[in-house]
Amino acid sequence: MGKNIKILALCLTMMPLTSMAQGLKDAVGKYFLIGAAINQWQSDGQVPEADAVVDRHFNCAVAENCMKSEVLAPAEGIFDFRVADKFVNYCQQHHLKVIGHCLVWHSQAPDWMFTNGYAASPASKEVLRERIIKHVKTVVGHYKGQVHGWDVVNEAIEDDGSFRKSPFYNLLGEEFIEIAFRAAHDADPDAELYYNDYSMANPAKRDAVCRLVRNLKAKGLRIDGVGMQSHNGLDYPNLEEYEKSIDAFAACGVKVMVTELDVNVLPNPQGFGGASVEQNYEFQQKYNPYVNGLPADKAKELEKRWMDLFKIYYKHREQISRINLWGVSDGGSWLNGWPIKGRTNYPLLFDRQYQAKPVVNEIIKLFK
């Protein structure tokens, strides 16, 4: 009898711990997928602290870099899946749905994609078309049945609503987008297919993306979702316009995803905007004011911003299918090195010690 009482007492003692252990995926995950970008060190198993956060809080993941074309296809006709395979295996071991990022993107693409062999002259339309098809079909086919959805085309539209004059567009026009979506569907008809871009609260860009979705559908092509990258700041984007974009994309008959979510707390240099990785500014101390931690007032401002965003996501929970943070912890965020190298930023929900910030519990309460 005494032994049973001790066991009962132990169970009762542990009950609150079980409640406290509830993660984002237990609350937010009731409505849509919640995940993070995983870097190579994490998927190689070198960051157990990150694994603990992933296991408790996330049910999906996207590769930060290892599925981009410059990594997978370093030379024409040569594919290197070693690092990406480790990422997919990591997701399977940690029970995460795999999101593939990204198949066709003008940045972080191999130089050979756009050139005529070793010559400096550009490839022909026909050659680029075949290269896109081969790349997309090879990559999607390699992971057929293992990837939940793909960012098929990334960042093809400028903030003013015009098509980006990328090497893809310059040779093929907007047809390159159709080529990519068709090839991805052919390679894995069961994988979801997405268009992904930044500055999606911009009205001109919103309208252009809606036109793109409608045009693809009108041509009989499948597009399942639109990714709103959401590299946000404390005072941008305009949240009213941000909500309008969620409604607009949903009205196009596609799923809405928040795909690269973070909140930049640092001051931005003049001329900075959007999320183009090509931006690069000289380091100045005035742009790196919080080396020793966020002041209390700034931390409170950041927490309010997070809650304002997640209140929007809760309000639109019937339209949103996934939220992906762009990184696991502050220390691993790209915003420490972009658009200015050498800064200390605090843009994610978990700090440099992989501890949840207080706002995480508030988000969980909101979604309960």
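Checked against the criterion of being over 19 Å from the mean Cα position of the chain (by Cα) and among the basic types (Lys, Arg), the range 192-209 contains not a single residue that satisfies it. Could you pull out the residue among ALA84, ALA123 that is touching a strand residue (DSSP E or B) at 6+ places or on another chain (Cβ under 8 Å), surrounded by 18 or more Cβ atoms within 10 Å (Cβ to Cβ) and over 22 Å from GLN40 (Cα atoms)? Only one candidate qualifies: ALA123. The residues of the range 313-334 that are closer than 21 Å to TYR242 by Cα and either among the aliphatic types (A, V, I, L, M) or part of a loop (DSSP other than H, G, I, E, B) (or both), listed by number, are HIS316, ARG317, GLU318, GLN319, ILE320, ILE323, LEU325, TRP326.
Does CYS66 count as assigned to a loop (DSSP other than H, G, I, E, B), among the hydrophobic types (A, V, I, L, M, F, W, C), open to solvent by less than 70 Å² (accessible area, probe 1.4 Å) and modelled with pLDDT of 95 or more? Step through it out loud before you land on a result.
Values: assigned to a loop (DSSP other than H, G, I, E, B): yes; among the hydrophobic types (A, V, I, L, M, F, W, C): yes; open to solvent by less than 70 Å² (accessible area, probe 1.4 Å): yes; modelled with pLDDT of 95 or more: yes.
Answer is yes for this residue.
When the criteria are applied in full, GLY274 meets the requirement of being within 18 Å of the chain's Cα centre (by Cα), surrounded by fewer than 20 Cβ atoms within 10 Å (Cβ to Cβ) and on the phi > 0 side of the Ramachandran plot. Taken over the range 183-199, the criterion of being open to solvent by less than 10 Å² (accessible area, probe 1.4 Å) and either free of Cβ contacts under 8 Å to residues at least 60 places away in the same chain or in contact with a helix residue (DSSP H, G or I) (Cβ under 8 Å, 6 or more places away or on another chain) (or both) is satisfied by ALA183, ALA184, ASP188, ALA191, LEU193, TYR195, ASP197. For the range 23-41, the criterion of a residue being at pLDDT 95 or above, surrounded by fewer than 15 Cβ atoms within 10 Å (Cβ to Cβ) and not aromatic (Phe, Trp, Tyr) is satisfied by at least one position. All of VAL213, VAL258 fail the test of being part of a strand (DSSP E or B) and either open to solvent by less than 10 Å² (accessible area, probe 1.4 Å) or of a type in the set (Lys, Arg) (or both), apart from VAL258. Return yes or no: is ILE340 part of a loop (DSSP other than H, G, I, E, B) and hydrophobic (A, V, I, L, M, F, W, C)? Judged against the criteria, ILE340 is a match.
In the range 342-355, of all residues being open to solvent by 50 Å² or more (accessible area, probe 1.4 Å) and free of Cβ contacts under 8 Å to residues at least 60 places away in the same chain, the one that is farthest from ILE99 (Cα to Cα) corresponds to GLY342.
Out of ALA180, ALA204, ALA208, which single residue is in a helix (DSSP H, G or I) and surrounded by fewer than 19 Cβ atoms within 10 Å (Cβ to Cβ)? Quick ask: steps written out before the conclusion?
Details: ALA180 fails: surrounded by fewer than 19 Cβ atoms within 10 Å (Cβ to Cβ); ALA208 fails: surrounded by fewer than 19 Cβ atoms within 10 Å (Cβ to Cβ).
Being in a helix (DSSP H, G or I) and surrounded by fewer than 19 Cβ atoms within 10 Å (Cβ to Cβ) holds for just one of ALA180, ALA204, ALA208, which is ALA204.
The residue that is farthest from GLY149 (Cα to Cα), counting only those in the range 240-276 that are touching a strand residue (DSSP E or B) at 6+ places or on another chain (Cβ under 6 Å) and polar (S, T, N, Q), is ASN264.
With respect to the conditions (1) in contact with a Leu (Cβ under 9 Å, 6 or more places away or on another chain); (2) in contact (Cβ under 8 Å) with a residue 40 or more places away in the chain; (3) crowded, with 22+ Cβ neighbours inside 10 Å, PHE58 lacks only one, and its number is (2).
The values are calculated or read from the model by the stated rules, or taken from the named source; none is laboratory data. Since this is a predicted model, take the numbers as computed values, not measurements. Neighbour counts are summed over all protein chains in view; Cβ atoms, including those assigned to glycine, are modelled from backbone coordinates with ideal geometry. Surface areas here come from the heavy atoms of the whole protein model, side chains and all, with no ligands, DNA or RNA. Shrake-Rupley method; radii C 1.70, N 1.55, O 1.52, S 1.80 Å.
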